[in-house]
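Structure record follows, encoded as structure tokens.
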Amino acid sequence: MARIDKENYYLDIAGTVLERSTCMRRHYGAIIVQHDEIVSTGYNGAPRGRRNCGDLGYCTREAMKIPSGERYELCRSVHAEANAIISASRQEVLGATLYMVCRDPQTGELIPGSSSCSMCRRLIINAGISRVVIRDTDEAYRVVDVQKEWIDEDDSIPEAVR
């Protein structure tokens, strides 16, 4: 049996973490790795002590017909990246890599092209994470260089203003 490469090894672990997700729309799992050690994990779900969408039997954003990627403030969940970041100290995440996997909770299929939302991107930047590795298929993934792609190429500034 061939030995798995490190990126897919950590992505497989993030894929296991997402199995704890309580979101009805998307299951995300994230882990933060520093110096080849996992320092924290996170999945998307309601804040501790609050009922999640599955317990309620509905998704607020779906009930309101809010398209994917919009009006996150109405979502009951804390995102996987945010949960991983708040579970680690700043010293542990400075220069670290965040690995992320997303699956459709209905089909269990990977969702290629997934990425962090704009709020999580800001958290990742401020935490000092340097790379984000996102799974697209069972073996294919993308690597985001946070400095080059999310800081230098700031997509939060409208084209007309740049």
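The values are calculated or read from the model by the stated rules, or taken from the named source; none is laboratory data. On a predicted model such as this, the values are computed, not experimentally measured, just so you know. Glycine gets a Cβ as well: all are built from the backbone with ideal geometry, and neighbour counts include every protein chain shown. Surface accessibility is based on the protein's heavy atoms, side chains included, excluding ligands, DNA and RNA. Shrake-Rupley method; radii C 1.70, N 1.55, O 1.52, S 1.80 Å.
Number of residues in the stretch 112-126 that are within 18 Å of Val39 (Cα to Cα) and open to solvent by 10 Å² or more (accessible area, probe 1.4 Å) equals 3. Scanning the stretch 80-111 for residues that are open to solvent by 40 Å² or more (accessible area, probe 1.4 Å) and either within 13 Å of the chain's Cα centre (by Cα) or of a type in the set (A, V, I, L, M, F, W, C) (or both) gives Ile86, Leu94, Arg103. Contact annotation: residue pairs with Cβ atoms under 6 Å, 6 or more positions apart or on different chains, pairing a residue in the stretch 90-101 that is more than 17 Å from Val143 (Cβ to Cβ) and assigned to a loop (DSSP other than H, G, I, E, B) with a partner that is open to solvent by 10 Å² or more (accessible area, probe 1.4 Å) and of a type outside the set (Val, Ile, Thr), are Leu94/Gly128.
Here Ser21 passes the criteria (1) touching a His at 6+ places or on another chain (Cβ under 7 Å); (2) small (Gly, Ala, Ser); (3) on the phi > 0 side of the Ramachandran plot except the one numbered (3). Can you tell me which residues in the stretch 128-143 are open to solvent by 60 Å² or more (accessible area, probe 1.4 Å) and of a type in the set (Asp, Glu)? Matches in the stretch 128-143: Asp138, Glu139.
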